[in-house]
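The values are calculated or read from the model by the stated rules, or taken from the named source; none is laboratory data. Everything numeric here is computed off the predicted structure, so don't read it as measured data. Using ideal geometry, Cβ is built from the backbone for each residue, glycine included, and neighbour counts are taken over all protein chains shown.
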Amino acid sequence: MKRRTFLAATGGAFTAGAVGALAPSIARAATALWQPGELADGTVASALLDALPGKVPLIKRSFRPANYETPLEYFRTEFTSNEAFFVRWHLSAIPEVTLRDWRLKVRGDASGRVAEFDMAALKRDFPQVELAAVCLCSGNRRGMFQPHVPGVEWGIGAMGNARWKGVRLRDVLNKVGVKPGAMEVAFNGADRGPFPETPDFVKSIPIEKALDENTLIAFEMNGRPLPHLNGFPARLVVAGWTGTYWMKQLTDIDVRTQPQGGFWMNPAYRLPAGRFPAADRFPTQETQANTPITDIVVSSLVTSIRGGERFRLGQAVDVSGIAWDGGRGIRDVQVSTDSGRSWRPAQLGRDYGRYSFRQFSYRFKPEKDGVYLIMVKASNNRGDAQTMDLVHNPAGYHHNVVQRLMIEVA
Amino acid sequence: MLKQAFVAVLFVATGTAFAAEDKFKLVQAPGAAQVQANCVACHSLDYIQLNSRFLDRKGWEAEVTKMMKAFGAPVKKEDVPAIVDYLSKEYGKQ
């Protein structure tokens, strides 16, 4: 393959050689701002590294509301630090909530009574649990859709893995009482739209999911209070389901006998009916045409190398990264170094539970010079695997296409 | 790419002294004033460049309609044609 073809094939977004000549700080920034080659030109041009309060520099997708993604470097550990955790907001009016003012209200026509908790009561009245779980934006990798679809044009970093500490939602619901006929539980946070006409961000989950032991009201993340931008003082953790349900700045819980309506339940966050047949069901929200997005599809990310990197002949190439899914747990990660002709299993790292990132690693020593197309494919314990081709959908969800990384050995 | 990285480094080094979103400037062309006046109340204008250039005229029209109908943005009706023209021409698929 000629050099020009090689660069074109890797998207030309990152050229290791050019960066080496620069001052170290600039080289670091250029590395952190690495963009997958499939992003639209305007998406790449509008990105920059910007540090929000309490955060390290993240890749800015939009200033207001703040949508910032985590650079690749931070996925080299199983857990994503609070400072590097991605930031995603739908509405631009985000109040600073103080512990003194914060109250969590439980109500609704299927709620046994109306109850209100402050943080002290929440921590005192219920057993505290900690769970490792991936929070992943439904639209992670939307920017890599071909053809492109509008929205926040995320690259690979609208996700993170943390140890969430809190109380089980079901313990709170059982204390308040759940009436027969409860169908969904809806959640609201303190954020608001700029105009009264702007639909408030309200999301619901099926009653069964609300009573799942892995659905939490979390107040800590990685051993510390939630950062403001990640939902202080409390957020919902719906382990296994995409981030849209993980309500930040949680203030209101509505136990309902009727389906929750509103823009954010329908038409937003919908998948064409039947396109992802293995997905968890949400029957009370399904229509003939579409279904709400539910659980996270199996996927992986290579963090040790990037497309376009060059290696010396005789040097070992480390293909490692992370894999995750919606809670079945990772069964294996297969690596191909010959354009998909043969596959070998990577070694899996420590298991932090079925909702967590799982590390993998695979080493190989190229025997001759040339261009190598490396592919990585994760599967979960149910047998779902990453797809070779994109399952396109209008809103740009569930991108879990097998990565293809071209490296050059000389 | 390198120039962009350099800008990013400057930005980080000087921190919050910048009103961050004002760093983004729309392409100056007919319609830019209407976009500025009607869109900035709800979101920063970098959303436009972020979503470029892959929407055709129909695509941008659908976005403007969504902002008004779904999000309740008080866009002036008489400004809509100029906004759609501008977005299609300056940030649209050619």
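Figures for the structure shown
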item	result
Pairs with Cβ under 6 Å, 6+ apart, first in the stretch B:45-70 and more than 7 Å from chain A (Cβ to nearest Cβ), second in a helix (DSSP H, G or I) and surrounded by 16 or more Cβ atoms within 10 Å (Cβ to Cβ)	B:Ile48/B:Tyr91; B:Arg57/B:Ser88; B:Trp60/B:Val84; B:Trp60/B:Leu87; B:Trp60/B:Ser88; B:Glu61/B:Val84; B:Val64/B:Ile83; B:Val64/B:Val84
Condition check for A:Leu122: outside the structural domain of A:Gly157 (by TED's automatic domain parsing) and under 29 Å from A:Gly353 (Cα atoms)	no
Considering residues of the stretch A:62-114 that are aliphatic (A, V, I, L, M) and under 30 Å from A:Asp125 (Cα atoms) only, the residue modelled with the lowest pLDDT	A:Ile94
Of all residues in the stretch A:50-94 being in a loop (DSSP other than H, G, I, E, B) and hydroxyl-bearing (Ser, Thr, Tyr), the one that is farthest from A:Asp200 (Cα to Cα)	A:Thr77
Selection from the stretch A:60-111 of residues that are of a type in the set (Ser, Thr, Tyr) and within 20 Å of the chain's Cα centre (by Cα)	A:Ser62, A:Tyr68, A:Thr70, A:Tyr74, A:Thr77, A:Thr80, A:Ser81
Matching residues in the stretch A:207-253 - criterion: being under 16 Å from A:Ser138 (Cβ atoms) and hydroxyl-bearing (Ser, Thr, Tyr)	A:Thr242, A:Thr244, A:Tyr245
All positions within the stretch A:343-357 that are outside any strand (DSSP E or B) and basic (Lys, Arg)	A:Arg350, A:Arg354
Subset of the stretch A:316-341 (residues that are part of a loop (DSSP other than H, G, I, E, B) and under 25 Å from A:Tyr372 (Cα atoms))	A:Ala316, A:Thr337, A:Asp338, A:Ser339, A:Gly340, A:Arg341
Residue list for the stretch A:177-198, filter: within 14 Å of chain B (Cβ to nearest Cβ) and buried (at least 18 other Cβ atoms within 10 Å of the Cβ)	A:Asp191, A:Gly193, A:Pro194, A:Thr198
Residue check, A:Phe232 over 23 Å from A:Asp295 (Cβ atoms) and in a strand (DSSP E or B)	no
Scope the stretch A:48-63; condition under 11 Å from B:Leu50 (Cβ atoms) and in contact (Cβ under 8 Å) with a residue 60 or more places away in the chain; matching residues	A:Arg61, A:Ser62
Residue count, the stretch A:235-282 (criterion: assigned to a loop (DSSP other than H, G, I, E, B), of a type in the set (A, V, I, L, M) and under 28 Å from A:Ile330 (Cα atoms))	5
Selected residue [among the aliphatic types (A, V, I, L, M) and either touching a Lys or Arg at 6+ places or on another chain (Cβ under 8 Å) or within 11 Å of chain B (Cβ to nearest Cβ) (or both)] from A:Leu136, A:Leu131, A:Leu122	A:Leu131
Output for the stretch A:358-387, where each listed residue is free of Cβ contacts under 8 Å to residues at least 40 places away in the same chain and in a loop (DSSP other than H, G, I, E, B)	A:Glu367
Some residue of the stretch A:92-113 being surrounded by 19 or more Cβ atoms within 10 Å (Cβ to Cβ) and within 19 Å of A:Thr242 (Cα to Cα)	no
Per-region count, the stretch B:57-92, residues within 15 Å of the chain's Cα centre (by Cα) and assigned to a loop (DSSP other than H, G, I, E, B)	3
Hits in the stretch A:47-70 - residues which are more than 7 Å from chain B (Cβ to nearest Cβ) and crowded, with 21+ Cβ neighbours inside 10 Å	A:Ala47, A:Lys55, A:Leu58, A:Ile59, A:Lys60, A:Ala66, A:Asn67, A:Tyr68, A:Glu69, A:Thr70
